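Notes to accompany the following structure.
The values are calculated or read from the model by the stated rules, or taken from the named source; none is laboratory data. What you see is a predicted model, and the numbers here were worked out from it, not measured in a lab. Here the Cβ positions follow ideal geometry from the backbone for every residue, glycine too, while neighbour counts run over all protein chains shown. Please note that ligands, DNA and RNA were not included when accessible areas were found on the heavy atoms of the full protein model with its side chains. Shrake-Rupley method; radii C 1.70, N 1.55, O 1.52, S 1.80 Å.
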Amino acid sequence: MRSKIFIIISIMLIMAFDITPCFADNPVIQNIYTADPAPMVYNGTVYLYVGHDEDVGTDSKIIMKDWRCYSSVDMQNWTDHGVVLSVTSFKWAVQTQDANAGQVIYRNGKFYFYAPVQDTQNGGIAIGVAVSNSPTGPFTDALGKPLVTFSMTNFSGYATHGWRNLDPTVYIDDNGQAYLYWGNGGCYWAKLNSDMISLNGSVNYFQLTSAAFGPSYTEGPWLYKRSGLYYLAFSAGFPEAISYSTSASPTGPWTYRGVIMPVSSGNNGNHTGIIDYNGSSYIFYFKVGLPGGSNNRRSVCAEKFTYNADGTIPKVPMTTEGPPQVGTLNPYVSTEAETICWETGIETEKCSEGGMDVCNIENGDYIKVKGVNFGTGATSFDARVASAASGGNIELRLDSLTGKLVGTCAVSGTGGSQTWAAKSCTISGATGTHDLYLKFTGGSGSSLFNLNWWKFNSSSASPTSTPTPTPTPTRVSSPTSTPTRSSSPTLTPTPVKSVDIDHNGVVNMSDVILVAKAFNTVSGNVGFVDACDLNNDGAVNMADVIMIAAKFNTMV
């Protein structure tokens, strides 16, 4: 009885204090520090542009030299596309740092990146614009000079400091007119010509009254339109919360509507981007969310939210889970190794075969891929690997690091860290939908091997695909083209009602954590939530906790 009580108390503590790091899916990026999220929906995919806080940054100084891009079709697994723009791309800018918050938008077959950098010619922060034929870059300077200079915002008594031109946001209205908004300590706006690289008229600014922007507008405007109403979200106060105002016109007047996301404990700043995708609404932000993090070593996160019936935005809490997954991931197509829900230890780099690869793999590192739909079952696994050392192993486990082992792919030396070879192994027991853990094992030391992509195979047909639902267009038009990767439909797996939820042969703390994660969740979802409804009553509740406690430390 004492052991049963211990397990019940343990589950309650896990739920109360959220001590389940192996199942946390926020922040969305873990191998580097990131800030200033700018999401864009294009062709059924969410592209997330972020600033990169260098590890050498301190609490008194931010070091940012480039912008990175990540993409997702399911809001949980994010593919790393590496550096897409850096301050060195703007030859007129200070070359060492200040890759401040920017945003990308699509128009007329091209992607435009608006980025504030330190201007060496005119002084202060200026806004440059870079262009690319692809959402993943590379972006190149479109003008060879700033689009907005420091002198253009020299208004008497209004935001007179040198960093006033931070944080551009851009929006194309229904009539085709494009607008640029920006500003720290002031909020400026200007019309853009249809070429997206020149201003149409002069720079204007909004009066920062309490009726329009509440107690304090600080920086980071983000503009979008929903149901005929214009929303302007922004960072407010210091430390910064996320607040918003609305208007019937893109040029105001604005009416303050309140706080979306309160101040985060331990973090002075915040910056938001808000989109609609596949019929749901999402807010991106940053916080101190990773080991070694600080006010200047931040981490981007995401949450799903629902507008109130009157169109107002509710307060959105920061969570460690992030938004629910949209659909499932199809393992029977090649998946880039840098497609990650969560990871520990790995890094990414440019790959000689194109794109990116996962590198710096050490013993015990892992990658978690969420919601992988194996359908009726996988029979083999292929991986593209390279190793300048003696290699190692890729253990393929379901639902946790100690979960069911369905296969082990042995990696031998290939003669170089970019000398690529194909490796395969057999798979047994991978059916239904599970979180997939690629656990890396091998000798001591760094860089056991690098991983470019992976793919499962099945003797039967892969899960039948259905078209990805068309996302609600929010900030860009979506021309027809083939997406880089699409998710497969959700299949309902056969419920597993064993108290050994992770199938590791013993009822232990890993099963406790799964129940805690699913507690008070209605059954019917894919993955471990169904498995945790042990008594089939339609919900994960205290009855399931007691069943776990009764079998704790029992071999199955």
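How much length is gained on full extension from S390 to F238, taking 0.36 nm per residue of separation minus their Cα-Cα distance?
Gain on stretching S390 to F238: 49.6 nm.
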For region 245-326, what is the accessible area per residue in Å², given a 1.4 Å probe and the full set of protein chains? 36 Å²
If R0 = 35 Å, then T426 and S280, at their Cβ-Cβ distance, give a FRET efficiency to the nearest 0.05 of 0.35
Classify region 334-454 as rounded, prolate or oblate from the Cα gyration tensor: take a ≥ b ≥ c as the square roots of its eigenvalues, call it rounded if a/c is under 1.5, otherwise prolate when a/b beats b/c and oblate if not. prolate
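What's the local net charge at E395, with K and R +1, D and E -1, over the other residues with C-beta under 12 Å away?
Working: positive: R397, K404, K439; negative: D365.
Once all neighbours under 12 Å are counted, the net charge is +2.
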Just the number, please: carbon plus sulfur as a percent of the accessible area of region 197-306, 1.4 Å probe, no ligands or DNA/RNA counted. 50 percent
Sorted by accessible surface (1.4 Å probe, heavy atoms of the protein chains only), largest first, T96, T34 come out as T96, T34
Quote the FRET efficiency, to the nearest 0.05, computed for N360 versus L143 with a Förster distance R0 of 35 Å and r equal to the Cβ-Cβ distance. 0.40
Using +1 on the beta carbon of Lys and Arg, -1 on that of Asp and Glu, and nothing else charged, what's the dipole of region 329-418 about the Cα centre, debye to 20? 300 debye
For region 395-410, Karplus couplings with θ = phi - 60° (6.51, -1.76, 1.60), whole Hz, Gly/Pro x: 7, 10, 10, 9, 6, 6, 5, 10, x, 4, 8, 9, x, 10, 9, 7
For labels at S156 and S210 in the simple 7 Å Cα→Cβ model, what's the distance in nm? 2.7 nm
Once Lys and Arg are counted +1 and Asp and Glu -1 for all other residues with Cβ under 15 Å from that of A93, the total becomes -1
Lys and Arg at +1, Asp and Glu at -1: neighbours of L448 with Cβ under 10 Å from its Cβ sum to -2
How much length is gained on full extension from V94 to E54, taking 0.36 nm per residue of separation minus their Cα-Cα distance? 12.7 nm
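Does region 109-189 come out rounded, prolate or oblate by the C-alpha gyration tensor, with a ≥ b ≥ c the root eigenvalues, rounded set by a/c under 1.5 and, if not, prolate when a/b is larger than b/c and oblate if not? Before the final figure, lay out the partial values.
Details: a/c = 2.59, a/b = 1.44, b/c = 1.79.
Since a/c reaches 1.5 but b/c is at least a/b, the shape of region 109-189 is classed as oblate.
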At a Förster distance of 51 Å, what's the computed FRET efficiency of A410 paired with T120, Cβ-Cβ distance as r, to 0.05? 0.45
Measuring from its Cα centre, region 271-412 shows a charge dipole (+1 at each Lys and Arg Cβ, -1 at each Asp and Glu Cβ) which, in debye to the nearest 20, is 380 debye
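For region 215-343, what does the alpha-carbon gyration tensor say about shape, rounded, prolate or oblate, given a ≥ b ≥ c as the root eigenvalues, a/c under 1.5 as rounded, and a/b over b/c as prolate?
Note, shape of region 215-343 comes out oblate.
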If I model a spin label as a point 7 Å beyond the Cα along the Cα-Cβ vector, how far apart are those points for N457 and K315 in nm? 5.5 nm
Karplus couplings for region 220-237 from phi (6.51 cos²θ - 1.76 cosθ + 1.60, θ = phi - 60°), rounded to Hz, Gly and Pro as x? x, x, 9, 10, 7, 10, 9, 6, x, 10, 8, 10, 10, 8, 7, 7, 10, x
